[in-house]
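The values are calculated or read from the model by the stated rules, or taken from the named source; none is laboratory data. Note that the structure is a prediction, hence the values are computed from the model and not measured. Neighbour counts are summed over all protein chains in view; Cβ atoms, including those assigned to glycine, are modelled from backbone coordinates with ideal geometry.
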Amino acid sequence: MKYSKLAVEILRNEEQSIYYDPVYHGRTLKVFGIDDDPISVLEYMAGKYRELGYGIVIFDTHGSFTEEGFDTVVKVEDGKPTGLDPIKMAKKGLMDIYSAATVVQTVYELDRVLTDRLYVDVLSGKISSVPEAAKAGEKYSEVIMEGYTGLDEAFYTGEPPELGRSILVNLGDAHSVSVVGTAFLVLAAAVEKRRGVMVGIDDAAVLAYTTAGSAAMPLLTRPVKKRLTVLGTRYAIDSVLNIAGPTLLLYTDPDIQSVVYESNGVPPGAMRRHVHKGRGALITRTTETVNVEEGELPF
């Protein structure tokens, strides 16, 4: 098979090396495993794409990634300032103003009319932060305040971080799912249009759990030239299984392996091999066929 320059060896067996190629296989790779196995794959692939000159953006819910090699480290903790205020970030040029208004719409469930009103007020300079929007006395303020808490106030406090070419988002010390989901959505909107970047997400199922997180996932898994996304997870749930793209199945519970094979359309029988520790199965699809290649992990 012909491979592009973005192909990376993902498995190897007695006969050959097995490559994941975002150009030919799909630009979102889903990785299912237990313990730290998905993190190990993300670390390995981040290293490979750094060598290819790609920027790296990692969303880490376990706090397992080291900070070395990242231009920007964003640490999110409950009740601590992050500066991840989408309106402030739009004012700073880190995202466009309508995207910022849409983030607020998603987090606080504004309707379209109120979102457009907020957009106009931000565009005109009347509103320059989410806390200002919450306290402005407008109709959208009333809706925002229904879900606005002290955690939100602290979260938006501070200056927006300088988002370098390689970004590590450490979510390991945050326990509020709403804070984690909001951080994920804000930063996904900020990096959505980047090219020449590998985005790594672990745990994808956890981050897709909230309304904000589920809204962020399509921003980063939509096929885009010169971008690929690697989703690591320990949970075989529909929100991840249904995302288009190839699958790397690592060692995990036999029932989970069966669910992953089933969701990928792998027929019962010899193709559904049990994956042992230290090995993996790369499941790829075309419009006509499904293919399973098994081998050892190369790291």
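In the range 259-280, is there at least one residue being in a helix (DSSP H, G or I) and β-branched (V, I, T)?
yes
Between G55, G79, G93, G33, which is touching a Phe, Trp or Tyr at 6+ places or on another chain (Cβ under 9 Å) and under 18 Å from R165 (Cα atoms)? Show your work before the answer.
Numbers: G79 fails: under 18 Å from R165 (Cα atoms); G93 fails: touching a Phe, Trp or Tyr at 6+ places or on another chain (Cβ under 9 Å); G33 fails: under 18 Å from R165 (Cα atoms).
Step by step, each of G55, G79, G93, G33 is checked, and only G55 is touching a Phe, Trp or Tyr at 6+ places or on another chain (Cβ under 9 Å) and under 18 Å from R165 (Cα atoms).
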Next item on the list: Give me a count of the residues in the range 83-96 that are surrounded by fewer than 23 Cβ atoms within 10 Å (Cβ to Cβ) and in a loop (DSSP other than H, G, I, E, B).
Entry: 5
Notebook entry, point to check: Which of the residues spanning the range 126-147 are in contact with a Lys or Arg (Cβ under 9 Å, 6 or more places away or on another chain) and not β-branched (V, I, T)?
Noted result: S128, S129, E132, A136, E138, K139, Y140, S141, M145
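So which residues in the range 109-144 are among the acidic types (D, E) and either in contact with a strand residue (DSSP E or B) (Cβ under 7 Å, 6 or more places away or on another chain) or closer than 16 Å to A90 by Cβ (or both), if there are any at all?
Step one: list which residues in the range 109-144 are among the acidic types (D, E), which gives 109, 111, 116, 121, 132, 138, 142.
Within the range 109-144, D116, D121, E132 meet the criteria.
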Note to self: Is it the case, given these coordinates, that P254 is touching a residue at least 40 places away in the same chain (Cβ under 8 Å) and either in contact with a Cys (Cβ under 7 Å, 6 or more places away or on another chain) or of a type outside the set (F, W, Y) (or both)?
What the structure shows: no
Check: Does E43 count as in contact with a strand residue (DSSP E or B) (Cβ under 9 Å, 6 or more places away or on another chain) and in a helix (DSSP H, G or I)?
Finding: yes
Margin query: Looking for something more than 30 Å from R50 (Cα to Cα) and free of Cβ contacts under 8 Å to residues at least 24 places away in the same chain - is there at least one such residue anywhere in the range 79-98?
Written below: yes
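Among the residues of the range 204-213, is there at least one that is in contact with an Asp or Glu (Cβ under 9 Å, 6 or more places away or on another chain) and farther than 23 Å from F65 by Cα? Show your work before the answer.
Residues of the range 204-213 that are in contact with an Asp or Glu (Cβ under 9 Å, 6 or more places away or on another chain), as a first pass: 211.
Subset that is farther than 23 Å from F65 by Cα: 211.
Checked the range 204-213: at least one residue is in contact with an Asp or Glu (Cβ under 9 Å, 6 or more places away or on another chain) and farther than 23 Å from F65 by Cα.
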Notebook entry, point to check: Hey, does the range 97-108 have a residue that's part of a loop (DSSP other than H, G, I, E, B), assigned by TED's automatic domain parsing to the domain that holds A136 and either at negative phi or at pLDDT below 95 (or both)?
Noted result: no
Next item on the list: Would you please name the residue that is surrounded by the most Cβ atoms within 10 Å (Cβ to Cβ), looking only at residues in the range 59-81 that are touching an Asp or Glu at 6+ places or on another chain (Cβ under 8 Å) and under 25 Å from Y19 (Cα atoms)?
Entry: F59
Margin query: Here is a check on your reading of the model: is L248 surrounded by 21 or more Cβ atoms within 10 Å (Cβ to Cβ), of a type in the set (A, V, I, L, M, F, W, C) and touching a strand residue (DSSP E or B) at 6+ places or on another chain (Cβ under 6 Å)?
Written below: yes
